[in-house]
1. Inside region 471-489, can you point out the residues that are on the phi > 0 side of the Ramachandran plot and part of a strand (DSSP E or B)?
2. Which condition from (1) open to solvent by 10 Å² or more (accessible area, probe 1.4 Å); (2) in contact with a Gly (Cβ under 7 Å, 6 or more places away or on another chain); (3) more than 24 Å from P193 (Cβ to Cβ); (4) not acidic (D, E) is the one that V299 breaks?
3. Residues I440, I408: which one is crowded, with 19+ Cβ neighbours inside 10 Å, touching a strand residue (DSSP E or B) at 6+ places or on another chain (Cβ under 9 Å) and in a strand (DSSP E or B)?
4. When residues of region 357-395 are filtered for being assigned to a helix (DSSP H, G or I) and either buried (at least 21 other Cβ atoms within 10 Å of the Cβ) or hydrophobic (A, V, I, L, M, F, W, C) (or both), how many remain?
5. Working carefully through the options T279, T321, T246, find the one that is within 27 Å of E148 (Cβ to Cβ), modelled with pLDDT of 95 or more, assigned to a strand (DSSP E or B) and not aliphatic (A, V, I, L, M).
6. Quick check on R462: is it of a type outside the set (V, I, T) and modelled with pLDDT of 95 or more?
7. Applying the selection to region 201-221, what residues are crowded, with 19+ Cβ neighbours inside 10 Å and modelled with pLDDT of 80 or more?
8. Would you mind finding the one in A559, A563, A540 that is closer than 24 Å to G597 by Cα and either within 31 Å of the chain's Cα centre (by Cα) or modelled with pLDDT under 85 (or both)?
Amino acid sequence: MLTLFRHSRPAQCREPGGPRELAVWPRRAVALCLLALCLSAHASWAEAAEPFIPEQPTIPAGALRTGEKGYMLTVLKGTKPVRIPVQVAGVIPQGAGVPRGEIRDFILVRILPFRDSRGQTVGLAQGMSGSPVFFRGKLAGAVGRGWEFSDHSLTLVTPIADMCGIFAAENEGGKKAAEKKMAATPITVSGVPASFLSQALGGALVEVPVTRGEPRVEPGRFRPGEAVAALLAWGDVEVAATGTVTATSKDGRFLAFGHSFLKRGKSFYPAARAVIHETVKSQAFPFKLASPASLVGTVTQDREAGIGGRTGFFAPSIPVTLVFRDRDRLTREERSFRVVADAWLSSKLLEGICAGLVEELWGRKGQGTMTVTLRIEGKGIRNGWTRNDVFFSEEDAGGAALKQSVQIMSAFLTQPFEDRMPLGFRLDVEATEEPRALIIEDVKVPARAKAGEELTVTVTLRPWRGKPITRDYKVKAPEGTSGVCELIVRGGGVHPLPQLAIDGGWKAIDSLDRMLEEIGAMDANNELFVELTSDAIAEAIKKASSKDSKEGKDGEKDAHEEANLLPEETEYLSQTKERRLKEGTLCIYRADRFVDGMIKRLVTVEPGNEEARPASDSKSK
């Protein structure tokens, strides 16, 4: 893969267009804004800061003479590298004090006239990044940069001395690197529309034909000039950048690309031998059409001067399966793929890939209803963890359906508590264009009740464009309560129960098990809630839900001035639900449709017999 300059501005690199900053989730969503998943458990794969010594003889940039001729090695088609003649056009200094792993000088090299086996003229192409360049039979560096809309005969070569420093770069300061602007690295995508990954990866994304199935594992050694792919996803969905191997060392390490991939520093991308199917001509920039053939090792460094890794070592990955059922067409499709075990990057990849797959498999975008079941398998999760929900949208059913699952997967990947690798996700999605919804139309309940008395609540529900149906539900008036209480009948997605204790600062998520418990306690859209609350509880919920509620120091002052905290303000949501279900003041009924709407009624609760007796006795005395 070749890094680009614009022809109209040859002295300036383009912005990287890297991943956008991750959105911060509200605390109400079970404090899902969490720290990164520690990859320290995989530190044994990280390269120690040992000098990289190429097996090939090298020549420094300062020893080259303008006009000196040499050659570069690269694959034009298939897997065999060919020699292409080149000539030194000059050396461009980048300044002193550059840390290791960054670029001190560029070698300006011209590609001399050359025709391939079919008689076609060969120029610079994306995918030649990392192609080793030799003068006097010695390795000078790697093809790294070029210009769009040029004649594609000039390239900037990254000196081999700078590339050798990438394994020691993590021990150096990065001030100079932070000031430099890297050009975007084109990334090839297959199996899913590339547009869905543009936010996650930025830069130039190129869609290529689908290559189903995972590449086989084939331990071995790379050779300079071979095509190499750095993978972010592979299987039925493939996201990769293809370049060329620059150099190898006796300890099994390798250098490639001559520029960064995503510039993530320490990394764990699978490295695969690639097959070049064809070099595609383009006025903007020709590019190699490639696909990975076999996994050989792992990319462990992703720095400005190139990528580097080790053969024979394989980093962990995250398997994902998405099963899609179309209720209207009676079809079932399944896609399986893996993504890199990089907590932050994987989260964004999964968001784009899953959304793209659902739209691709459904073959449409618009209104509809989707039932989504997310299952997480991981170390220490007995029998797995599952959540089921139903989503309806008038505009984008797929986007609405996957948002929650992606947030949960992201929270699991980035949680700070413990490493649960090996880890896997499975998404089962059932879709229909029909609005499978139940609308709450009417609620009937006695106007008066005694504390602790069980009430019959009659609810009228209307399926979309169907006949209304009536159901009776049971709920108890709160014990020890008198006065006006509020009966609420609502769908799970309408004003869901808040995490009052977390919102108020009385509780925090303190373990992975607790996080999963509270995510599981979130209201589901296919649930019908019937609850009878006292004025105090209703007021606390309203206050927590209000956008105008005070925060910070004022909020702390108000909380401490309360004479007594409600149980809901000292419990996790899961504990509140469990208690209220046991008391009978809350009933939850699950449907197979999206439940929409909310209706309230007022119920006057009178003291029960046990509560009224002392008052009566006192009066008689």
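The values are calculated or read from the model by the stated rules, or taken from the named source; none is laboratory data. Keep in mind the model is a prediction, meaning the values are calculated, not measured. Counting neighbours? That spans all protein chains shown, and the Cβs are built from the backbone with ideal geometry, glycine included. Just the protein is used for accessible areas: all its heavy atoms, side chains included, with ligands, DNA and RNA removed. Shrake-Rupley method; radii C 1.70, N 1.55, O 1.52, S 1.80 Å.
1. Start the filter on region 471-489 by keeping residues that are on the phi > 0 side of the Ramachandran plot, which leaves 480, 483.
Listed by number, the list holds a single entry, G483.
2. Result: V299 passes all but (1).
3. Unique residue meeting the criteria: I440.
4. In the first step, residues of region 357-395 are kept if they are assigned to a helix (DSSP H, G or I); the result is 357-362.
In the following step, the residues that additionally are either buried (at least 21 other Cβ atoms within 10 Å of the Cβ) or hydrophobic (A, V, I, L, M, F, W, C) (or both) were identified as 357-358, 361-362.
Summing the residues that are assigned to a helix (DSSP H, G or I) and either buried (at least 21 other Cβ atoms within 10 Å of the Cβ) or hydrophobic (A, V, I, L, M, F, W, C) (or both) in region 357-395 gives 4.
5. Of the residues listed, the single one that is within 27 Å of E148 (Cβ to Cβ), modelled with pLDDT of 95 or more, assigned to a strand (DSSP E or B) and not aliphatic (A, V, I, L, M) is T246.
6. When the stated conditions are applied, R462 passes them.
7. Those that are crowded, with 19+ Cβ neighbours inside 10 Å and modelled with pLDDT of 80 or more: L201, L205, V208.
8. Working: A559 fails: closer than 24 Å to G597 by Cα; A563 fails: closer than 24 Å to G597 by Cα.
Criteria check complete, one pass: A540.
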